[in-house]
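Where a number appears in this text, it was derived from the coordinates with a stated rule and is not lab data. In this text, all values refer to a predicted model and were calculated from it rather than measured experimentally. Because the Cβ atoms are built from the backbone with ideal geometry, glycine has one as well, and the counts that use them run over all protein chains shown.
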């Protein structure tokens, strides 16, 4: 059994054990029927959970009722309440394959939080028996432990599956979600404190607070959902337009659509290998992989597809495609930095490139990645003016230019990752793109200048 599967089973077993033991405890030592109020409210909140269809997101107010059960009736009642809430959510959103884990993980987290704060620390229950200050401190500790453990269990599952850092996954996707449990815990501790004076009436009085929040969120999320659908449609149109533009450029340069797809895939993998994880940079690199040669629209076709080596004058004309492309793309308000990558994709590591003669780290990393990838895929593809080189021959070219034209680290990373990436790309490409296209004999091959 692999590590992710073993971990999931471990959480499922421990969480289920906590739920079963809590049920047994509640049966052996019956608690006040007042517990049925937060338990029933938790089920209702789970069945009416707010879900956004445009993105993977859902919103529930069940935390409030789970913490009410904890602060008034103890860890066992809270654990069962969490289980009821999460089971209801699973039924509502029709989760398949993850239902047991999604129920076991938060139940285990709540059981641990309640046991640590109210059993091992020997704080009395209900919390109002300790005084206002102690009640809020105990509640804060329980909420913090429950949140960190619950989100940590899920972040660990995601990190193991994606082979990423657990801390990075938790920080990027869960750390900012603390406000929901904190608000639920605050309302819950108020209900627990006032129950000392009002009894069950305090619980009934508190119920409208999360319900009002629920209805406010419901009306607001409906508007957000409509805007998201519009944005997603605009995003699809944007991608379609960019790809159509790139296809037109490739057609003029006699390049297949597979070239840009492969360059995109290689660039994305190399970017992640260098620790680039921020969405704007990744999106910019993907767009630049499609549009970096858009300036070739302004290059005469007899130069663009000339067999053999270009003359000095022709090469100067060819170099102008960078300035033309930069000017074209500068008129588009991209939501991410595409233009700097396109502008620098012919800069060389040793400063001999164009148009600005940038050197080393002065060249954006994304541009350095694109330059190496574009060269590799270009020389291994058939063109009208030369035949395709083998992977070994392409690697030899990259190694020869390592430290002069290309960033040595990027060259090394591509050579290591290329076999695995090539296999993945071959599986996703149409069969027609694998068929060899007719080309000139090896005698007209020329890779001395990257076009």
Checklist entry - What's the exposure ranking of 170, 178, going from fewest to most Cβ atoms within 10 Å? => result 178, 170
Checklist entry - On full extension of the chain, what length is gained from residue 166 through residue 244, given 0.36 nm per residue of separation minus the C-alpha to C-alpha distance? => result 24.2 nm
Next on the checklist: Between residue 236 and residue 158, what's the calculated FRET efficiency when r is the beta-carbon distance and R0 is 35 Å? Round to 0.05.
Outcome noted: 0.85
Checklist entry - How far is it, in nm, from the label point at residue 140 to the one at residue 273 when both lie 7 Å from their Cα along the line to the Cβ? => result 4.8
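Decide, for region 327-375, between rounded, prolate and oblate: order the square roots of the alpha carbon gyration tensor eigenvalues as a ≥ b ≥ c, take rounded if a/c falls under 1.5, and otherwise choose prolate if a/b is larger than b/c, else oblate. If you can, show how the numbers build up before the last one.
Values: a/c = 2.13, a/b = 1.74, b/c = 1.22.
It is prolate, given that a/c is not under 1.5 and a/b is the larger ratio.
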Checklist outcome for this item: Mean Cβ-within-10 Å packing, highest first, puts peptides 118-125, 9-16, 344-351, 62-69 in the order 62-69, 344-351, 9-16, 118-125
Checklist outcome for this item: Checking rank on 408-415, 300-307, with mean other Cβ inside 10 Å and highest first, the result is 408-415, 300-307
Checklist entry - Among rounded, prolate and oblate, which fits region 262-371 when a ≥ b ≥ c are the square roots of the eigenvalues of its C-alpha gyration tensor, a/c under 1.5 means rounded, and a/b larger than b/c means prolate? => result prolate
Checklist outcome for this item: Output ordering of 270-276, 75-81 (per-residue mean of other Cβ within 10 Å, highest first) is 75-81, 270-276
